[in-house]
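S.K.: Provided herewith is a single structure, encoded as structure tokens, for subsequent inquiry.
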Amino acid sequence: MRLLLLSHGFILIGVLLIIVFNNYFQLGGLKINWMLMFLLILTLRHSKMFLPFVGILAGLIMDALSHGIMGLYGISFFITLLLVSQTNKLFYANSVFVVSLAVFTMSIFEGWLSLSILDIFEPDTDKSALMLISILPLAILQGILTPLIIQFVIFGENLFLGETA
Amino acid sequence: MFKFISTYRLQFLILATFIGLFMLMSQTYSEEGSSRFQTVVQTVTYPMQVSVNSVASTFKNIWSSYISLIDVNEENNRLRQQLQDMEEKMNQHIENSVQFLRLRDQLLFASKKTKEKIFAEIIGESADNTHDISLINRGSNQLVQRNFIVIRKEGLVGRIQSVSPFQSSVQLITDHRNRVPALIQRNRIRGLIYGTREGLEMRQINQHAIIKIGDRVISSGLGGLYPKGLLIGWVNEIRHQKHELFKTAILDSAVDFNQIEEVFVIVPTKSDSHLFID
């Protein structure tokens, strides 16, 4: 229950960061996907089955704040987090480097998935160019920022989960 | 059957969620206007967007005022020099302007009534990197509707993609999903404007068409969404290979999309029948 509340708290912080941070401070013109980062790290640390479903809410908020095709990021967040929750034993989640690598890989996967879904509706989408120009640099940036986010997530866990963390 | 379902309930739940989301996505994509969830999210985030935007604008104004103070003395001397030159030119222009005013009155009389415009400020951007969307502080409460056209003095900006009571999303013409029927003003050659990450491209131009660098490109009005005659940009580069059926022109956009802070939403008139509000 506490983890569920914590994940919703991270979604709220993610929305705040998207509105405040992404509009005014973009690193290399890239907008960081804060909600996905928080949820990826949480799912890597706690492989709970409800986290992919929380990801749907985050995805729908992301849809509402971007292109307006409701469910596009909902599906891509859901599948990505589902995959992470099922494969997180492959990643040694206490190592910062491996978590960074996992966030990098899963960011690429999520980006590819969302573009593939968009491609169903709009076959004109230049998927390869968007992957190279937008998704790949963002995944690298998110991978680099992961250690910082891990510290923040651990701080949140210590604050809200206490001994259960 | 029940036992089978209860054994694989998690798999069923995942499948049902996936199907539900896909149906939601298909429905949102095909229907006109915003979904309720989007309206709720945009309405909830609106106060935050506006307050963050106003705080940022205040700091920006203070900073730019400070910077301008540093250069003010140097600029003052330069302006004095320019003033002397301008006074000479002014006498000449007064004579020209009398003639201009007379002709303008005639032209205004002849031209149609200008369209009504709603002034709006840009308060945010798309949350992701793959879409060029801007959020403006005018919504359905100010009679803004989906597919209304957004412009600036310099030219075409985009169209309203979704509307909530206090704010709307504008799909910029640089968005990769956007298509604007256009023509080259000089020789009326038609093409289609595509948004790319690098800027604007005019594609599907007849391979025999003669295009020159610097040609003005305007909206053609075909399709009925974008009104005719709105400036889009200028031809900067022409690409064509022998085996290709069409030419592609790379455009310099008339609007600097990195700098825009205010826009106008055009309220359609009776002549724009598909969008007209009675």
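Every number here is computed from the coordinates shown, using simple stated rules; none is lab data. For clarity, every value in this text was computed on a predicted model and none was experimentally measured. Here Cβ is always computed from backbone atoms with ideal geometry, including for glycine, and neighbour counts include all displayed protein chains.
S.K.: With a cut-off of at least 2 residues that are within 14 Å of chain A (Cβ to nearest Cβ) and over 20 Å from A:Phe121 (Cα atoms), name the strands (runs of 3 or more DSSP E) lying wholly within the range B:151-199.
M.R.: On the way: elements: B:156-163, B:168-172, B:179-184, B:190-195.
The qualifying strands (runs of 3 or more DSSP E) are B:156-163.
S.K.: Within the range B:1-24, work out how many residues are surrounded by 11 or more Cβ atoms within 10 Å (Cβ to Cβ) and more than 48 Å from the chain's Cα centre (by Cα).
M.R.: So the answer is 1.
S.K.: Across the range A:80-93, what is the number of residues that are without any contact (Cβ under 8 Å) to a residue 40 or more places away in the chain and in contact with a helix residue (DSSP H, G or I) (Cβ under 6 Å, 6 or more places away or on another chain)?
M.R.: First, pick out the residues of the range A:80-93 that are without any contact (Cβ under 8 Å) to a residue 40 or more places away in the chain: A:82-83, A:86-87, A:90, A:92.
Narrowing further to those that are in contact with a helix residue (DSSP H, G or I) (Cβ under 6 Å, 6 or more places away or on another chain): A:82, A:92.
Result for the range A:80-93: 2.
S.K.: Here's another thing I want to ask about it. Being under 25 Å from B:Ser126 (Cα atoms) and surrounded by fewer than 17 Cβ atoms within 10 Å (Cβ to Cβ) narrows it down to one of B:Gln259, B:Gln207, B:Gln241, so name that one.
M.R.: It is B:Gln259.
S.K.: List the pairs whose first member sits in the range B:198-212 and is on the phi < 0 side of the Ramachandran plot and touching a residue at least 24 places away in the same chain (Cβ under 8 Å), whose second member is charged (D, E, K, R) and assigned to a strand (DSSP E or B), and whose Cβ atoms are under 6 Å apart, counting only residues at least 6 apart or on separate chains?
M.R.: B:Ile205/B:Lys247; B:Gln207/B:Lys247
S.K.: Any residue at all in the range B:120-139 that's within 15 Å of the chain's Cα centre (by Cα), in a strand (DSSP E or B) and polar (S, T, N, Q)?
M.R.: Yes.
S.K.: A further question on this structure: Being free of Cβ contacts under 8 Å to residues at least 24 places away in the same chain and either in contact with a helix residue (DSSP H, G or I) (Cβ under 7 Å, 6 or more places away or on another chain) or under 29 Å from B:Asp175 (Cβ atoms) (or both) narrows it down to one of A:Leu44, A:Leu39, A:Leu115, so name that one.
M.R.: Matching residue, one of A:Leu44, A:Leu39, A:Leu115: A:Leu115.
S.K.: Now for a different question. For the range A:18-53, which residues satisfy the criterion of being surrounded by 20 or more Cβ atoms within 10 Å (Cβ to Cβ) and within 12 Å of chain B (Cβ to nearest Cβ)?
M.R.: Selection gives A:Ile18, A:Ile19, A:Asn22, A:Asn23, A:Lys31, A:Ile32, A:Asn33, A:Trp34, A:Met35, A:Leu36, A:Pro52.
S.K.: Out of the range A:1-17, which residues are more than 9 Å from every other protein chain (Cβ to nearest Cβ), within 15 Å of A:Leu65 (Cα to Cα) and not β-branched (Val, Ile, Thr)?
M.R.: Those that are more than 9 Å from every other protein chain (Cβ to nearest Cβ), within 15 Å of A:Leu65 (Cα to Cα) and not β-branched (Val, Ile, Thr): A:Leu12, A:Gly14, A:Leu17.
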